[in-house]
Amino acid sequence: MSLTTIPPDTHLPPAALRDLRAAYEALENPSLAARLAGLAGMPIEALRARLPTAVQGGLDGAVRAALQLAIGTAMRSGPAVSPLPIPSSWFHRGMAATSGAIGGAFGLAGTLVELPVSTTILLRQVAAVAGEEGEDLSAPEAASECLKVFALGGTTAADDATESGYFAVRIALAEALKGAVGRTIVPGFVAAVAARFVGPVGLKVTAQAAPILGAAAGAAVNIAFLEHFRGVARGHFTLRRLERTHGAAQVRAAWDALANTRDAPFLAH
């Protein structure tokens, strides 16, 4: 792999630029909607339309409750913060597949009951990725940084770029987190995350609850969900690692240069 086009005035070494490019692709080009539509065998518009009106109205509350439960359990114990006998990616894939299969076996009702479980598994995986990228999981801000991944992974191709770009969402979440003390996560921050996470959850619920799919496809949907947010987590915590090493301003300059030249090759493979 050789560097062919270096963003001006970034001064990042080649390895850091490669990591930056990978993070950019993960954070600015989400693919969850396409994955779930493919699993369900129907266009994304039809997938959204499948969710009953009554469920749509209560989904935001269900997502908030799932996030609150996940915060209370995933960051305090379990595989996110303790060693595992197998790689965390495989461990969490197995847990996600199992919970998805159970939820899918019971249709929409089972899927909604399973949502807090899969959200907790997902947050544990996000925390595991954070640890791999050098985050101190005992730090007061660790839980909020992990929770941000749910909002960052909620962007879609239909979003306005000025509102949904990685740094725009990150800055908005930082504003929502103001007022937090120590490890306390303010309700407004959870609401801001839930507002973006509810879109992907709605797609997951409708794909997983389709009667023709059943338990096996429920497991596949959960794995697709896990893989998507694992990639987003990797991108987010890679950027935080680069910022710790090279400085936030320098990393942001390189990011902006890449965004401005995305139609030209950044790295030659």
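The values are calculated or read from the model by the stated rules, or taken from the named source; none is laboratory data. Not measured: the values here are computed from a predicted model. Cβ sites come from the backbone with ideal geometry, for glycine too, and all protein chains shown count toward neighbours.
List of remarks:
- Under the condition of being buried (at least 23 other Cβ atoms within 10 Å of the Cβ) and within 14 Å of residue 190 (Cβ to Cβ), the residues counted in the stretch 110-142 number 2.
- Residues in the stretch 14-33 that are small (Gly, Ala, Ser) and part of a helix (DSSP H, G or I) were compared, and the one that is modelled with the lowest pLDDT is 33.
- Of residues in the stretch 149-202 being among the basic types (Lys, Arg) and modelled with pLDDT of 85 or more, the one nearest to the chain's Cα centre (by Cα): 196
- Filter pass, residue 128 being more than 18 Å from residue 197 (Cα to Cα) and modelled with pLDDT under 70: no
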